[in-house]
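Written below as structure tokens is the structure these notes are about.
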Amino acid sequence: MINRSLFENTATAFALKSDSELERAYFLFKMISSQPLVRIGTAATNFALKANLPVEGLIRSTVFDHFCGGVNEEDCLSVIDKLYTKGVSSVLDYSVEGKEVEEEFDSALEKILKIIHFCDEREAMPIVVFKPTGFGRFSLYQKKTEGKALTASEKEEWYRIVKRFDAVCKLAKEKDVEVLIDAEESWMQDAADDLVVDMMRKYNNGKTIVYNTIQCYRWDRFEYVKKLHKQAKDEGFSIGLKIVRGAYMEKERNRAEENGYESPICENKKATDDTFNKTLSYSLENSKDISVFIGTHNEESCYLAMELMATYGISKDDNNVWFGQLYGMSDHISYNLAAEGYNVAKYIPFGPVKDVMPYLIRRAEENTSVAGQTNRELTLLKTERKRRKV
């Protein structure tokens, strides 16, 4: 029987936090719980950074240190080692966004290759991650997705994107490091999906190395997974899926409305939850062909995964099943799962403070908009403060 009160254990959840870190977390989530404060704070922070006001130290000691591992890989080492003492692995996530030129894409490639070498030296880092638009222009993925003909120079540019993907997957295969490739907006995603499938076909033989990300707030994704599974079986490769609910909902709905096409997003949260749980169930039912990284902060989905693993006889430490949460969030899920012997990894964003701000702002806005998420964090932090008599 699955222990349905597992995630109530705050002593395990916050064991790595000092009293002052616990207080900082409580203060941050209290701030995030207020939409007006998040809006004002976001605007003020953006203004201060653009005006080069000396606020980086303040950001670093509060929101940055709570949600990020550091400004570079070496900076993250103490966090990675600390997490691993509790059986939680780390996925370093270079969270710099919005680059547009070839030099920046080559620089991002070098960064990911460096992280793979980093992973090779550390048991605590079995997985690496990157975004498709880290390696190439968004508009080029979009043009490919729309089926438009590329110019000669665009064909060369696309070839360079393919080579960057291949360089990462090839080295990852050599070093036995798994690669999670993020999903982005629907209007560029088909091109990224096709490219990731090419990488799976090439490198997912014997062991799953390459994972595509399935955003389950898209109503078409479950059918996509079933189709991909059939293709993989026919062609003789395994598939890796990172399943998440999704990150671009408002943008997706607004664009669909503006351009007069059907929204790719599920009509409500229940439909999204159903798609997520259906995709999760299908993946675990077919765990011999499908490796799954369950990226969720939803307790019910985690309980469901645990129950299904028990039903299908999948051992807790089977490398085909990982749970993942973001650093600084849902510690009650991550550390309690790890204490039970499941494979758990925290996504640890890093990068220069200024460059990581778009990521941090998204986290704040996401926490504000997800009903119950911030309140749940606050309740657990309160319980632990009371337990410690802080």
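The values are calculated or read from the model by the stated rules, or taken from the named source; none is laboratory data. Quantities reported herein were computed from a predicted structural model and do not represent experimental measurements. For neighbour counting, all protein chains shown are included, and Cβ atoms are generated from backbone atoms with ideal geometry for every residue, glycine included. These accessible areas exclude ligands, DNA and RNA; they are computed on the full protein's heavy atoms, side chains included. Shrake-Rupley method; radii C 1.70, N 1.55, O 1.52, S 1.80 Å.
Along each of its three principal axes, how wide is the spread of alpha-carbon positions in segment 306-390, in whole angstrom units, largest first?
Cα spread of segment 306-390 along its principal axes, largest to smallest: 44, 36, 24 Å.
Out of the total accessible area of the chain (probe 1.4 Å, heavy atoms of protein only), what percent is carbon and sulfur?
52 percent
Quick one: give the max-minus-min coordinate of the C-alpha atoms of segment 111-152 along each principal axis, largest first, in Å.
Dimensions of segment 111-152 along the principal axes of its Cα atoms: 44, 17, 11 Å.
Which lysines, on any chain, are close to LYS86 with Cα under 25 Å apart, when same-chain ones fewer than 8 places away are left out?
Hits, sequence-local ones excluded: LYS17, LYS175, LYS242, LYS316, LYS346, LYS382, LYS386, LYS389.
For segment 258-321, would you read off the P(r) tail past 18 Å as a percentage of all alpha carbon pairs?
41 percent
If I take the Cα coordinates of segment 57-119 and project them onto the principal axes, what are the three extents in Å, biggest first?
39, 31, 14
Assign unit charges at the C-beta atoms only (+1 for Lys and Arg, -1 for Asp and Glu), then state the dipole size of the chain relative to its Cα centre in Debye, rounded to the nearest 20.
Computed about the Cα centre, the dipole is about 800 debye.
What does the accessible area per residue of the chain come to in Å², with a 1.4 Å probe and no ligands, DNA or RNA counted?
Result: 44 Å² of accessible area for each residue.
With a ≥ b ≥ c the root eigenvalues of the C-alpha gyration tensor of segment 116-231, is it rounded (a/c under 1.5), prolate (a/b larger than b/c) or oblate?
It comes out oblate by the Cα gyration axes.
Within segment 124-207, list the trypsin sites (Lys or Arg not before Pro) lying in a DSSP loop whose Cβ has at most 12 other Cβ atoms in a 10 Å radius.
Sparse-neighbourhood loop trypsin sites (Lys or Arg not before Pro): LYS148.
With r defined as the distance between the Cβ atoms of GLU156 and ASP318 and R0 fixed at 56 Å, what FRET efficiency is calculated, to the nearest 0.05?
0.85
Based on a Kirkwood Rh over C-alpha pairs, give the Stokes-Einstein translational diffusion coefficient of segment 24-133 at 25 °C and viscosity 0.890 mPa s in µm²/s.
Translational diffusion coefficient: 151 µm²/s.
Run through segment 120-216 and list the GluC sites (Glu not before Pro) located in a DSSP loop whose Cβ has at most 15 other Cβ atoms within 10 Å.
Those satisfying the criteria are GLU121, GLU123, GLU146.
With 5 Å bins from zero, work out the P(r) of segment 142-297 over every alpha carbon pair and list the percent per bin.
Over segment 142-297, the share of Cα pairs per 5 Å bin runs 2, 9, 17, 20, 19, 16, 11, 5, 1, 0 percent.
Of PHE130, VAL91, PHE29, which is farthest towards the positive pole of the chain's charge dipole, taken about the Cα centre with +1 and -1 on the beta-carbons of Lys, Arg and Asp, Glu respectively?
Toward the positive end, the furthest listed residue is PHE29.
What dipole magnitude, in Debye to the nearest 20, does segment 242-307 give about its Cα centre under +1 on Lys/Arg Cβ and -1 on Asp/Glu Cβ?
Dipole of segment 242-307, to the nearest 20 debye: 180 debye.
Could I get the Rg over Rh figure for the chain? Both from C-alpha atoms, Rh via Kirkwood, rounded to two places.
0.94
Any idea which of LEU150, ALA51, THR379 is furthest toward the positive side of the dipole for the chain, if Lys and Arg beta-carbons carry +1 and Asp and Glu beta-carbons -1?
THR379
Taking loop as defined by DSSP and a crowding limit of 14 other beta carbons within 10 Å, which chymotrypsin sites (Phe, Trp or Tyr not before Pro) in segment 244-280 fit?
Here the chymotrypsin sites (Phe, Trp or Tyr not before Pro) that fit, given the DSSP loop and packing criteria, are TYR261.
Just check segment 76-159 against the gyration tensor rule for me: Cα atoms, a ≥ b ≥ c as the square roots of the eigenvalues, rounded for a/c under 1.5, and otherwise prolate or oblate depending on whether a/b exceeds b/c.
prolate
Reported to two decimal places, what Rg/Rh ratio describes segment 224-331 when computed on Cα atoms with Rh from the Kirkwood expression?
1.02
Grab the beta carbon distance between MET1 and ASP81, set R0 = 41 Å, and tell me the FRET efficiency rounded to 0.05.
0.75
Let me check I have the definition right: for segment 8-69, take the eigenvalues of the Cα gyration tensor, multiply each by 5, take square roots. What are those semi-axes in whole Å, largest first?
Equivalent-ellipsoid dimensions as semi-axes: 26, 15, 8 Å.
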